[in-house]
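This report concerns only the one structure given below.
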Amino acid sequence: MVPIPDLLHSSLRIGVLAPPWVSVPPTTYGGTELVLDVLCRGLADLGHDVVLFTTGDSTCPVSIRWLFEAAAPDRMGASVLELRHVAAAYDEFDGFDIVHDHTLAGLFLGQLHPGLPVVTTNHGPFDADLADLYRRTASSVPLIAISQDQADRAPTDVPIAAVIHHGLDLDRYRLGTDPGDYIVALGRMDPDKGIHVAIEVARRAGLRLVIAAKMRESAEMHYFETTIKPALGNGVEYIGEVDHAQKVELLAGARALINPIQWPEPFGLVMAESLACGTPVVGSGCGAAPEIVDHGLTGYLAANVDGLVRGVLDADRLDRRRCREVIELRFSMERMARDHETFYRSVLMQRSGRRRLPPGILPMSHRVA
């Protein structure tokens, strides 16, 4: 453990625990894993000793440890696999200054190591199941939310220690200054993503629509076969799941990202990625969208199809360089890493028994975002 006088300035030995389902970074779809890659690299750039416990096929350029040689997307949710993965991780993290746990099993297994400070992030909605788990552990494992909207939806008896928005490695996104004649929809093949609405918007606006979406699970395939596939053609194209390079090219060349989500998404990383490419976002105002998209400046948020149609038609009026500048200011890797570093230090200071925190260290209830 870092001596108390050095908590403000010493480099920390930080363990980051990823789920075992997807490699870090992901080769295709995987929002959480993309965020963890950026977080680990950002913390390492700040001079911290970062060890990522993930799967052996991960390529994040920090020290990596693993139990399983390859990610197991087909076994997502398998409790025995996750428990073994997490137990091995905490053996590895013995003696670290702090652990940032992004699993669910770790909320409980981590408490078998009472001398080890642990924090966690909820990457999903505070539905009844997740809320119950976090309610049981939030007093001992400080909980980070990824948007203010997500935090506001948490039950009152689930304390949120901080709100920290995601960040991007902006060197991996190019500014597209010469957009094409199409709009793009990216994400999962799921009704919550509103791909059927995107098709209606494109048709009414008279614009081409390119859909790039993950489609592996049975529910995703059912939605595609029953709702999306019959609507393809006549300017609407589904190209499947894309890797990072393909995603950037699609976004940079698009007139707009159409993102008519049908649920209160806790963050919505694809919106930030689109703006990083200079591409305006047109979508619904659900969830965290208003925290990412500035209506009339970097995109348009609308409550109905008529508003979405106006948005995609007006997208070429927006300054694509301004879209990029907003992301550089608010959603960079450096900002996200600094916010987490400050939060980790605040946790360590409070655990040290200091009631009054020195200047520059955030109290646990502070909204970092």
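The values are calculated or read from the model by the stated rules, or taken from the named source; none is laboratory data. All of these numbers come straight from a predicted model, not from anything done at the bench. Here Cβ is always computed from backbone atoms with ideal geometry, including for glycine, and neighbour counts include all displayed protein chains.
Observations, loosely collected:
- Considering region 288-331, the qualifying helices (runs of 4 or more DSSP H), each wholly inside and each with 2 or more residues that are surrounded by fewer than 17 Cβ atoms within 10 Å (Cβ to Cβ), run over 305-314, 320-330.
- Arg355 satisfies every condition listed in (1) at pLDDT below 95; (2) within 25 Å of the chain's Cα centre (by Cα) except (2).
- Residue in region 250-270 that is touching a Phe, Trp or Tyr at 6+ places or on another chain (Cβ under 7 Å), surrounded by fewer than 21 Cβ atoms within 10 Å (Cβ to Cβ) and modelled with pLDDT of 95 or more present: no
- Residue ranges of helices (runs of 4 or more DSSP H) in region 174-269 with at least 1 members hydroxyl-bearing (Ser, Thr, Tyr) and either under 24 Å from the mean Cα position of the chain (by Cα) or closer than 30 Å to Phe126 by Cα (or both): 218-223
- Here Asp45 passes the criteria (1) over 27 Å from Leu130 (Cα atoms); (2) crowded, with 21+ Cβ neighbours inside 10 Å except the one numbered (2).
- Test: Gly240 is touching a residue at least 24 places away in the same chain (Cβ under 8 Å) and either surrounded by fewer than 15 Cβ atoms within 10 Å (Cβ to Cβ) or assigned by TED's automatic domain parsing to the domain that holds Pro25 (or both): yes
- Selected residue (criterion: surrounded by the most Cβ atoms within 10 Å (Cβ to Cβ)) from residues of region 86-114 that are in a helix (DSSP H, G or I) and charged (D, E, K, R): Glu92
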